[in-house]
1. Filter the chymotrypsin sites (Phe, Trp or Tyr not before Pro) in segment 22-110 down to the DSSP loop ones having no more than 14 other Cβ atoms within 10 Å, then list what survives.
2. Please quote Rg/Rh for segment 82-136 to two decimal places, taking the Kirkwood radius as Rh and restricting both calculations to Cα atoms.
3. What list of ³J(HN,Hα) couplings, whole Hz, do you get for segment 94-111 from phi and the Karplus terms 6.51, -1.76, 1.60, once you set θ to phi - 60° and write x for glycine and proline?
4. Tabulate in residue order the Karplus-calculated ³J(HN,Hα) for segment 34-42, using 6.51 cos²θ - 1.76 cosθ + 1.60 with θ = phi - 60°, rounded to whole Hz; enter x for Gly and Pro.
5. Can you list residues from other chains, or at least 5 along the same chain, whose modelled amide H is less than 5 Å from the amide H of residue 67?
6. What list of ³J(HN,Hα) values in whole Hz, one per residue of segment 115-121 in order, does the Karplus curve 6.51 cos²θ - 1.76 cosθ + 1.60 (θ = phi - 60°) give from phi, with Gly and Pro shown as x?
7. Once label points are set 7 Å from the Cα along Cα→Cβ at both residue 84 and residue 67, what is their separation, rounded to one decimal in nm?
8. Calculated FRET efficiency, residue 47 and residue 120, Cβ-Cβ r, R0 22 Å, to nearest 0.05?
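Read the figures in this text as sums done on the coordinates, not as results from a lab. Since the structure is predicted, the reported quantities are computational estimates derived from the model, not experimental observations. For neighbour counting, all protein chains shown are included, and Cβ atoms are generated from backbone atoms with ideal geometry for every residue, glycine included.
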Amino acid sequence: MKLCIMIGLILTTAIGATSALLAETPKPEHEIIVYYFHRTARCTTCLNMEAWTEKIVETSNDALVMKSINLDRPEHHHFIKDFDLDFGAVVVAEQMGDVVLRWKRLDDIWNHSDDETAFTAYVMATLTQDGFMATR
């Protein structure tokens, strides 16, 4: 009888511990990340585009996340291949944890690099038209 009670207590404890571990395991977070990629040496234009990108993310009502990434740092070299980068760029990516579900490089930012209004309109249009952000 004592053996049955002991086995029951052990099983109950083991099941409870397993449930607690499963509850504590974080689930991958679904995010829309707006990456601004740059090099260590940056010109005024690059700094402006980074600031404008950050402003877009901060003022959006959507849950966008901004990440500014220096491509000259060795731990960031994989992004060059991941997103087919040659130089400074804005990339928007839908991610589940570390897994990129889809992404788009906004190649035309350089055509709007001297005009904040046009830059913002282009980025916002891309975010909404490509379904990364809710249509307003």
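1. Sites meeting the loop and neighbour criteria: 87.
2. 0.99
3. 9, 10, 10, x, 8, 8, 7, 7, 6, 8, 8, 8, 8, 5, 7, 4, 5, 6
4. Here the 3J(HN,Hα) series is 9, 8, 10, 9, 8, 9, 5, 7, 9 Hz.
5. 34, 35, 36
6. So the J values, rounded to whole Hz, are 9, 4, 5, 5, 4, 4, 4.
7. In this crude spin-label approximation the distance works out to 2.0 nm.
8. 0.90
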